[in-house]
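One structure is given below, encoded as structure tokens.
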Amino acid sequence: MTLDRPKARNALTIAMRRGLITAIRAADADPATRLVVLTGTDPAFSAGVDLKESLGGGHGSPPGARTDPAAALRAARTPVLGVINGPCYTGALELALSCAFLVASERARFADTHAAVGLLAGWGMSALLPRAVGARLARQMMLTGEPVDAEQALRAGLVNEVVPHDRLAVRAGQIVDGILAAEPTAAGTTLELLAAGEGATLAHALALEAEAKLRRRTDVAQVARRFAARTGRRDAI
């Protein structure tokens, strides 16, 4: 999925947000879809919501102005890889925070300008950003509106990786290939355990894993074949 409005730095119109929600739900409902990739057309990932449209030019917000694609991303069982190719601001940062993984170009910048322009976040920023980067950096980003560059984002834990811009698509493809190479049922259960374990006590998370292990029937021969194919070894797992 590509945010494709480059002349407006991929600012999210109501139609784009509705389209993104529809596409996410359709992909999530398709058993053949194991991963979704979300990116933007250069030079930006997205500048966030198209404020001129959403604020109605001072005449009241139009219908659909509060449409929230970040919630659709978080609700999806299918993991979403965010490929952050450039600036990722405000509402777009909430989209990124709602992805399962993030790989960023060296050109990426991350900022939250809600408070700077007199708005409150509505797609999860105040809950998601502190969990991603810690409370102190989240406060600074949300109150100052100052951007964080790609390397700062990596150090803070906001993104998984930072790569040269001209290698971004290649690296994203490698991550996709690695995920798709995993056994589908095991990968799906792992994602469910990670989601269920967020916010749970350690004891509860361990119990969930133990229950899942008991429910799953393991095909030992298939596991051995997969292990040998990935490592070239047959002596241990």
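The values are calculated or read from the model by the stated rules, or taken from the named source; none is laboratory data. Just so we're clear, the structure is a prediction, and the values are computed from it rather than from any experiment. Cβ sites come from the backbone with ideal geometry, for glycine too, and all protein chains shown count toward neighbours.
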Item checked: Unique match (being on the phi > 0 side of the Ramachandran plot and touching a residue at least 12 places away in the same chain (Cβ under 8 Å)) among Gly188, Gly145 -> Gly145
Check: Which of the residues belonging to the range 111-127 are part of a helix (DSSP H, G or I) and without any contact (Cβ under 8 Å) to a residue 40 or more places away in the chain?
Finding: Ala115, Ala116, Met125, Ser126, Ala127
Next item on the list: Just give me the residues in the range 196-221 being modelled with pLDDT under 70 and in a helix (DSSP H, G or I), in sequence order.
Entry: Val220, Ala221
Notebook entry, point to check: Is one or more of the residues making up the range 60-71 at pLDDT 95 or above, surrounded by fewer than 22 Cβ atoms within 10 Å (Cβ to Cβ) and farther than 30 Å from Ala29 by Cα?
Noted result: no
Check: Taking into account only those residues within the range 129-175 that are among the β-branched types (Val, Ile, Thr) and surrounded by fewer than 16 Cβ atoms within 10 Å (Cβ to Cβ), which is farthest from the chain's Cα centre (by Cα)?
Finding: Thr144
Margin query: What pairs come out if I take residues in the range 73-99 that are over 16 Å from Ala153 (Cα atoms) and assigned by TED's automatic domain parsing to the domain that holds Ala29 and pair them with residues that are hydroxyl-bearing (Ser, Thr, Tyr) and surrounded by 24 or more Cβ atoms within 10 Å (Cβ to Cβ) whose C-beta lies under 8 Å away, six or more apart or interchain?
Written below: Gly91/Ser46
